[in-house]
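Some notes on the structure that comes next.
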Amino acid sequence: MRTSSFRKAALVAAISFSTLGAGLGVMTAQAQIPVSNLEEVARKVQYQPRIQIALLLDTSSSMDGLIAQTKTQLWTLVNELGEGKKYGKAPIIELALYEYGNANLSVGQGYIRQVLSLSSDLDDVSEKLFALSTNGGQEYAGQVLKKSLDDLEWSTHKDDMKLIIIAGNEPFTQGPVSWQSSCERAKSKGVIIDTIHCGDAERGKRTGWKDAADCAGGIYMTINQDEKYVHIPSPYDDDLISLNKKLNKTYISYGVEGEKKRLRQATQDSNAEAMNKGAQINRLYTKSKSNYKNDSWDLVDAYDKDKESVLNIDDAKLPPELKGKTPAQREAFIKAKQAERQAIKKQIASLGKQQKEFVAKKRADLSESKALDAVMVTAVRDQASRSGFKY
């Protein structure tokens, strides 16, 4: 069918005044571009890149070290991936969480539980992760892979990155569902499977962990789950932590769940602090980036998303300092908090750059680590690069 002149004009108009990011350039209405190319460019302009990751964690009694490392490195993973761009746009990062191999879970469900479906609510991810505990059980890797592939709403967009990371230490061949059938299911959905064997690399190969990763185009990794995270102190740490307290004061809760979620934010700060100073700082970096959005309970983020709705929120849902205020007064208050937040984020970016450079120089002198951040985070970022994200 011949493309109508109206359709062509609409496509031209859609991109005429858009800067499309690296590699796309600036398009104008005068450019002589085939309609098929215009359609592709328009698609990229509208596209919001997405990285979906399901974490499948063995929570049997021997896995305390794995859970501790994951709690520490959650924010490092989000930060590393969030620094990339595709078609000039930063990705939305969605995380899901499953536990398997825990004796407290239902035997009828294969000792498997979906802890959290794919979510961009990073405080919710952290809350659920920190609530995990270990207990002996049976580890059915093939079955938990199948469940995550069937349960989750995986993107069907060809440009999105979809990844399962499964970690454990027992043979990958256990359980009623074969890893081979789960692998074929993953490939049909365009989902990559990375495997992390917590233990000896050769044993992991013998027990199926490498074969499973190879089958679904992923990476086979090994870690020492008992290796302790080593934070390298820098002269900028205390100032960064102080900025986190200032940043929190720019959040203005609203609605029925607002105050509860503001307290949840503070609790997750405390959880990161309890792990180590490195986790605390990495969480701060996440909170200063675009992936950390709280428009469901914070007026500043909600204003960024939908100005008119915020200015017309029912008075009963507002915090005490905004009750009885006119829309104009309400807007002035929110804009002041917005400006304050942006200024704090700029300070975090400036100090953070210096902190990261300092740590990089010190870390270069250390021996090679087999901890989760040195293995998983680096590997996943490399995969994102191969999926078209620019770092």
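The values are calculated or read from the model by the stated rules, or taken from the named source; none is laboratory data. Everything quoted here is computed from the prediction, not taken from an experiment. Neighbour counts are summed over all protein chains in view; Cβ atoms, including those assigned to glycine, are modelled from backbone coordinates with ideal geometry. Just so you know, the surface numbers come from the protein's heavy atoms only, side chains and all, with ligands and any DNA or RNA stripped out. Shrake-Rupley method; radii C 1.70, N 1.55, O 1.52, S 1.80 Å.
Tabulated values for the structure
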item	result
Residue order for Y391, Y303 - accessible surface, 1.4 angstrom probe, largest first	Y391, Y303
Length-normalised contact order for the range 77-215 - Cα pairs under 8 Å, 6+ apart - percent	19
Value of relative contact order over the chain, rounded to a whole percent, pairs C-alpha under 8 Å and six or more apart	17
In sequence order, calculated HN-Hα J values of the range 101-109 (Karplus, 6.51, -1.76, 1.60; Hz; x Gly/Pro)	x, 9, 5, 6, 8, 5, 5, x, 9
Mean accessible surface per residue for the chain, computed with a 1.4 Å probe while every protein chain stays in place, in Å²	47
Along principal axes, Cα extents of the range 306-378, largest first, whole Å	60, 24, 20
Karplus-derived 3J(HN,Hα), 6.51/-1.76/1.60, for each residue of the range 154-159, Hz, glycine and proline x	6, 5, 9, 6, 5, 8
For the range 70-170, convex hull volume per residue from C-alpha positions, Å³	109
Theoretical gain in end-to-end length, K323 to K353 [0.36 nm per residue, Cα-Cα removed]	6.8 nm
Cysteines in the chain that, by Cβ-Cβ distance, have no pairing candidate under 4.7 Å	C198
Gain upon complete extension [E153, A103; 0.36 nm per residue less C-alpha separation]	15.3 nm
Point-charge dipole on Cβ atoms (K/R +1, D/E -1) for the range 245-391, about Cα centre, debye to 20	500
Sum of side-chain charges, Y251 neighbourhood, beta-carbon under 10 Å (Lys, Arg +1; Asp, Glu -1)	+4
Rule-of-thumb Rg ratio for the range 338-391 [Cα; 2.2 N^0.38 Å; N residues]	1.53
Using a Förster distance of 25 Å, the FRET efficiency for D314-K260 (Cβ separation, nearest 0.05)	0.85
Helix-derived mean residue ellipticity, 222 nm - over the chain, DSSP H n ≥ 4, -39500 (n - 2.57), to 500	-15000 deg cm²/dmol
FRET efficiency, 1/(1 + (r/R0)^6) with R0 22 Å, evaluated for K246 and S296 via beta carbons	0.45
Calculated P(r) of the chain - Cα pairs past 37 Å, %	31
Given K146/K370; K245/K305; K337/K361; K205/K353, the pairs whose alpha carbons are separated by over 30 Å	K337/K361; K205/K353
Under 10 Å, Cβ to Cβ, from E331 - net charge with Lys/Arg +1 and Asp/Glu -1	+4
Spin-label pair N135/T267, simplified geometry with 7 Å Cα→Cβ offset, distance in nm	2.0
The chain - share of DSSP beta bridges that are antiparallel (%, nearest 5)	25
Of the DSSP H helices in the chain, those whose Cα atoms cover at least 18 Å axially and whose Kyte score averages -0.5 or more	64-82
Net charge of neighbours whose Cβ lies under 12 Å from the Cβ of R283, counting Lys and Arg as +1 and Asp and Glu as -1	+1
